[in-house]
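The values are calculated or read from the model by the stated rules, or taken from the named source; none is laboratory data. What you see is a predicted model, and the numbers here were worked out from it, not measured in a lab. Heads up, the Cβs are rebuilt from the backbone with ideal geometry, glycines too, and the neighbour counts pull from every protein chain shown.
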Amino acid sequence: MHRVEIDGSRNVEANAREARRSVLPEGSLTGHTLDDQAETLLIRLIRGSGSDGLSAITPGPTHPILGLRRHETLAVCSEMGITPVVDPTNDDPSMWRNRIRHEVLPLLNDIAERDVVPILSRSADVLRQDADFLNDLAQTIDPTDANALCSADPAIATRALRQWLTRDGYPPSTAAIQRVLGVARGDAIACEIDGGLRIARSERRLRIITPDTQGE
């Protein structure tokens, strides 16, 4: 058994997820299911995420049962004599995911008069395809080139900046990206963004100034 401490000041679920990953062996697989996928899409929808966030959990070898339903995985465990571990926090109503799981999804099923989990998961797949295409286009832009950013379609420029400024898997907020675009346009010579970073413009080039380099 491993015991970890997390920062409970904000985004407890994300911090707990990262702490859990930190103690798992390299190459560990997760048990996310299709139900988790639908829940994740709804969580990100009410947080105001764009198509990248609404893509939810990316399918791949580390998510081997993402196409299965939660009840199907429980049935497999029962058939094989495996007793799954139940996280007691799954019943904590202070967590958005739990309320979505126990309250929102049943209500949506009732309104739609059908199971909405496969529908929501299909929407995540469609949005992921769109996001992948736009992200590929964004990689053709130099995010430090203010002229290139200003000439590009805003959707592409935004993604180019997000890719450049993402740290430890966490992209800057939409508001932060808009401030950086303002610097590229010349509305300001610098701005502050998430993580204590400062983005400054000089001779139409953008550069990142970290707390360690601000005195240089």
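Here are the numbers for the structure shown:
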| quantity | calculated |
| --- | --- |
| Selection within the stretch 103-115 - of a type outside the set (D, E, K, R) and surrounded by 13 or more Cβ atoms within 10 Å (Cβ to Cβ) | 104, 105, 108, 109 |
| Residue identified as outside any loop (DSSP other than H, G, I, E, B) and surrounded by fewer than 12 Cβ atoms within 10 Å (Cβ to Cβ) among 78, 94 | 78 |
| Single unsatisfied condition, residue 35 versus (1) more than 30 Å from residue 177 (Cβ to Cβ); (2) part of a loop (DSSP other than H, G, I, E, B); (3) at pLDDT 75 or above | (2) |
| Among the residues listed as 43, 82, the single one being modelled with pLDDT of 95 or more and among the hydrophobic types (A, V, I, L, M, F, W, C) | 43 |
| Condition broken by residue 49, with the remaining ones in (1) surrounded by 13 or more Cβ atoms within 10 Å (Cβ to Cβ); (2) under 17 Å from residue 102 (Cα atoms) satisfied | (2) |
| Looking only at the stretch 52-80, and only at residues there that are of a type in the set (Gly, Ala, Ser) and within 22 Å of the chain's Cα centre (by Cα), the one that is farthest from residue 162 (Cα to Cα) | 67 |
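For every residue, the table says whether it meets (1) of a type in the set (Val, Ile, Thr); (2) in the same structural domain as residue 37 (by TED's automatic domain parsing).
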position: 97; (1), (2): no, yes
position: 104; (1), (2): yes, yes
position: 156; (1), (2): yes, no
position: 185; (1), (2): no, no
position: 194; (1), (2): no, no
